[in-house]
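Participant: Provided herewith is a single structure, encoded as structure tokens, for subsequent inquiry.
The values are calculated or read from the model by the stated rules, or taken from the named source; none is laboratory data. Every value quoted in this text rests on a predicted model; they were computed, and no experiment measured them. For neighbour counting, all protein chains shown are included, and Cβ atoms are generated from backbone atoms with ideal geometry for every residue, glycine included. With ligands, DNA and RNA removed, areas are computed over all heavy atoms of the protein, side chains included. Shrake-Rupley method; radii C 1.70, N 1.55, O 1.52, S 1.80 Å.
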Amino acid sequence: MCLSFPFQTGSNNFIWLMSDNMHHQWLLLAACFWVIFMFMVASKFITLTFKDPDGYGAKQEPLILTAVTKVEEARVPEEKHWTKEFQPTGKAFTGNLLHHPLVHMERLELLRNVCRDTALRNLSHTAVSKFVLDRIFVCDKHKILFCQTPKVGNTQWKKVLIVLNGAYSSIDEIPESIVHDHEKNGLPRLSSFSDSEIKKRLNLYFKFFIVRDPFERLISAFKDKFVHNPRFEPWYRHEIAPSIIRKYRRNRMETKGLQFEDFVRYLGDPNHRWLDVQFGDHIIHWVTYVELCAPCEITYSVIGHHETLEDDAPYILKAAGIDRLVSYPTIPPGITVYNKTKVERYFSGISKRDIRRLYARFEGDFKLFGYREPDFLLK
């Protein structure tokens, strides 16, 4: 009995130790399963929110639009919040990039809905013609297409693509004279490729363009081409302006150069195209976004807004996978803010009839990209 007691005591201790070890092992195993489960949930959320916006084939829906559908089904409260807050007044969204994908999903969903509106079909649809393909610049190295919409900061985006194409190593090195010289800047247009190559790039590449309040864009075009003319393009003042004045100036005694009222009357004329033909390519500075980029025919990955460019530019670079290769040039303070006072001042002396005719022409741009009808038209 004396010999057996120590043996029994040691056996009990061994069994207790084994039981304690197994208990710890089960706890560790349960913790591992919990971590794996949480990782899968987080991974699912990240996949839904940050899915590659352009990884799709020719016959598939864009992934980013699929994500929109899922977000809508889940009725995420932030989505409704952003819809109410977004106004074309230049108020930038907060810098919280967690919500930024929802903003861009909303923009694409709005675009799709307006494109399906049969009442606006004539204002929202256009053929993907050579004119449109001439507006789209190509970066094959990084599979990017950028549609040019003048007067919304396109010069800076061209610089970004020039660097990505390898013509220059940094944006600071690019001479200003080269940026718009399409024979020297190393930016091929989509129209320069064969039909099959065009289709392949439209189906597979990351595609984006930038928009701005349509009326403020027209003011910018008027000032740039007919008032300041910084790049010395004399044909605007000496050829285009006199043609508009002869056709649309009401006060024949007025001897000043082209006035904004003349410009508005010309743009709002339903028969403006006969004069457009004479102007040729110069007309791109006030052509609608629809005519420039065919947003209802081409499935774009992202649509940036000039009013929120401080947030949108980094987002576009990240979404295109090039944020570590190049940065968007520094934006001077206040330059992208919508100037409501300026817009109202320019339109203050113009008749409601002429403004309404102008709005009728650009209504597709207002509706497709979420810009409100100007307050001075509602009074």
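Participant: Under 9 Å between Cβ atoms, which residue pairs at least 6 apart in sequence (or on different chains) link something in the stretch 118-140 that is over 19 Å from Arg361 (Cβ atoms) and in contact (Cβ under 8 Å) with a residue 24 or more places away in the chain with a partner that is of a type in the set (Phe, Trp, Tyr) and open to solvent by 30 Å² or more (accessible area, probe 1.4 Å)?
Facilitator: Cβ pairs passing all conditions: Leu133/Phe193; Val138/Phe193.
Participant: Further question: Among the residues of the stretch 236-257, how many are in a loop (DSSP other than H, G, I, E, B) and open to solvent by less than 60 Å² (accessible area, probe 1.4 Å)?
Facilitator: The number of residues fulfilling the criteria is 2.
Participant: Here's a check for you: in the stretch 316-356, which residue that is under 27 Å from Leu145 (Cα atoms) and in a helix (DSSP H, G or I) is most open to solvent (accessible area, probe 1.4 Å)?
Facilitator: Step by step, filter the stretch 316-356, then rank; the result is Lys318.
Participant: What is the number of the single condition among (1) open to solvent by 50 Å² or more (accessible area, probe 1.4 Å); (2) in a loop (DSSP other than H, G, I, E, B); (3) closer than 22 Å to Ser351 by Cβ that Thr299 does not meet?
Facilitator: (3)
Participant: Which numbered condition in (1) under 30 Å from Ala241 (Cα atoms); (2) open to solvent by less than 20 Å² (accessible area, probe 1.4 Å) is the only one that Ala313 fails?
Facilitator: Of (1) under 30 Å from Ala241 (Cα atoms); (2) open to solvent by less than 20 Å² (accessible area, probe 1.4 Å), only one is false for Ala313: (1).
Participant: Starting from the stretch 258-276, keep only residues that are assigned to a helix (DSSP H, G or I) and surrounded by fewer than 20 Cβ atoms within 10 Å (Cβ to Cβ), then list their pairs with residues that are at pLDDT 95 or above and not aliphatic (A, V, I, L, M) whose Cβ atoms are within a distance under 6 Å, requiring at least 6 positions of separation or different chains.
Facilitator: Final answer for the pair search is Phe260/Phe222; Phe260/Tyr346.
Participant: Hey, another quick one. Can you go through Ile144, Ile210, Ile198, Ile219 and tell me which one is at pLDDT 95 or above, crowded, with 17+ Cβ neighbours inside 10 Å and under 22 Å from Gly280 (Cα atoms)?
Facilitator: Of the residues listed, the single one that is at pLDDT 95 or above, crowded, with 17+ Cβ neighbours inside 10 Å and under 22 Å from Gly280 (Cα atoms) is Ile219.
Participant: On to the next question. Tally up the residues in the stretch 156-184 that are surrounded by 15 or more Cβ atoms within 10 Å (Cβ to Cβ) and within 22 Å of Ile331 (Cα to Cα), please.
Facilitator: Counting residues in the stretch 156-184 that are surrounded by 15 or more Cβ atoms within 10 Å (Cβ to Cβ) and within 22 Å of Ile331 (Cα to Cα) gives 14.
Participant: How many residues does the stretch 142-156 hold that are on the phi < 0 side of the Ramachandran plot, out of contact with any Phe, Trp or Tyr (no Cβ under 6 Å at 6 or more places or on another chain) and in contact (Cβ under 8 Å) with a residue 60 or more places away in the chain?
Facilitator: 5
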